[in-house]
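This report concerns only the one structure given below.
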Amino acid sequence: MKKYIILLFLSAMTYPVLACDICGCGVGSYYLGILPEYQKRFIGIRYQHKTLMTHLGPFGERTPITSDETYQSMEVWGGWNIGKKFRVLAFVPFNFNDRVAQTGNGSKTGLGDIAVMGYYNLFSHRSTISNKLLVQSLWIGGGIKAPTGKYEPGERLLVNESPNNFQLGTASTDFTLNAAYDVRLMDFGINVNANYKINTNNKYDYRYGNKLTANALAYYKIRLFNKVTVAPNAGVLYETSEKDMESNKYPVDVSGGHVLSVIGGLEANFSRFSAGANYQDVAAQHLANNRVSAGNRLMVHFSVAF
């Protein structure tokens, strides 16, 4: 079983994609991280802040037409455990996009693409090692993303040689394959999530590149006053995406690529309430043939179990 777990994780990290949504910004970011503590159900709010520079020169330098883009989202999300074997997660984002450039500023605000993910508990196991409790669980599943966010096809024509990222939605129905593994020895644990997003053509004959998102976080639970649990955590996040396609045969040069980020964060739990934050520092990237640069990111969340 241990060999199976390792092979599953390695296969997720090395799935054969060509290099976004430009990794993590704009439409379609599915970073999960450590879920809030809950037994039956939870509902909460997540805020995410991301930045992107587009229209860079051939060597990644700023040019007179370089754009600074900011993507913020306020997302209602929740989870529901159905018995001991099934779990459903849902995400309803409201997006705030802003662009600043010498060639003209812009902004878009509105509902994003709603997504639902289902998981099956492949196994949960509790054992002891040298009188220390070892807890493991592995969840696998899939999901679907609905085209509820507004997509403007004119954006591709309005801003030439720019990633088709400044959208509220993709106008396509897309699918995900998901896996989540958690192992904890007493208060020290490791959490691993992998998500592979399979995109389809939208009605404007544009298809965003398929995308892999994988993260691994180490955490340590600290109990305070027998009421509050805090869990500092740190790890890595890797995202890689194929190039977008037009008319099923024309690859979009200013798309695709990969980003590796280092994550530091803190999770806290008090009774039915959970809160947390993390900062993602970009360590390495190669996006859209070096014509795009992603900035660091921030995520904050609050939830209640019921």
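The values are calculated or read from the model by the stated rules, or taken from the named source; none is laboratory data. Because the structure is predicted, anything quoted here is derived from the model rather than measured. No Cβ is skipped: glycine too gets one built from the backbone with ideal geometry, and neighbour counts run over all protein chains shown.
Quick one: in region 211-235, which of the residues that are assigned to a loop (DSSP other than H, G, I, E, B) and modelled with pLDDT under 95 is surrounded by the most Cβ atoms within 10 Å (Cβ to Cβ)?
Taking region 211-235 and keeping what is assigned to a loop (DSSP other than H, G, I, E, B), we get 221, 225-227.
Now restrict to residues that are modelled with pLDDT under 95: 225-227.
Values: F225: 6, N226: 6, K227: 9.
Per the criteria, the residue is K227.
Scanning region 38-85 for residues that are over 18 Å from R99 (Cα atoms), buried (at least 17 other Cβ atoms within 10 Å of the Cβ) and at pLDDT below 90 gives a single hit, Y38.
Looking only at residues of region 246-271 that are in contact with a Ser or Thr (Cβ under 9 Å, 6 or more places away or on another chain) and assigned to a loop (DSSP other than H, G, I, E, B), we find that the one that is nearest to N233 (Cα to Cα) is G256.
Among the residues in region 147-162, are any in a strand (DSSP E or B) and surrounded by 21 or more Cβ atoms within 10 Å (Cβ to Cβ)? Looking through region 147-162, none of the residues is in a strand (DSSP E or B) and surrounded by 21 or more Cβ atoms within 10 Å (Cβ to Cβ).
Quick check on region 101-114: of everything there that is among the small types (G, A, S) and surrounded by fewer than 12 Cβ atoms within 10 Å (Cβ to Cβ), which residue is farthest from F166 (Cα to Cα)?
Top of the filtered list is G104.
Looking only at residues in region 115-138 that are part of a strand (DSSP E or B) and loosely packed, with under 11 Cβ neighbours inside 10 Å, the one that is nearest to the chain's Cα centre (by Cα) is R126. Is it true that some residue in region 182-192 is part of a strand (DSSP E or B), in contact with a Ser or Thr (Cβ under 9 Å, 6 or more places away or on another chain) and buried (at least 21 other Cβ atoms within 10 Å of the Cβ)? For region 182-192, residues part of a strand (DSSP E or B), in contact with a Ser or Thr (Cβ under 9 Å, 6 or more places away or on another chain) and buried (at least 21 other Cβ atoms within 10 Å of the Cβ): absent. Within region 129-147, is there a residue that is hydroxyl-bearing (S, T, Y), modelled with pLDDT under 95 and at negative phi? Among the residues of region 129-147, not one is hydroxyl-bearing (S, T, Y), modelled with pLDDT under 95 and at negative phi, which makes the answer no.
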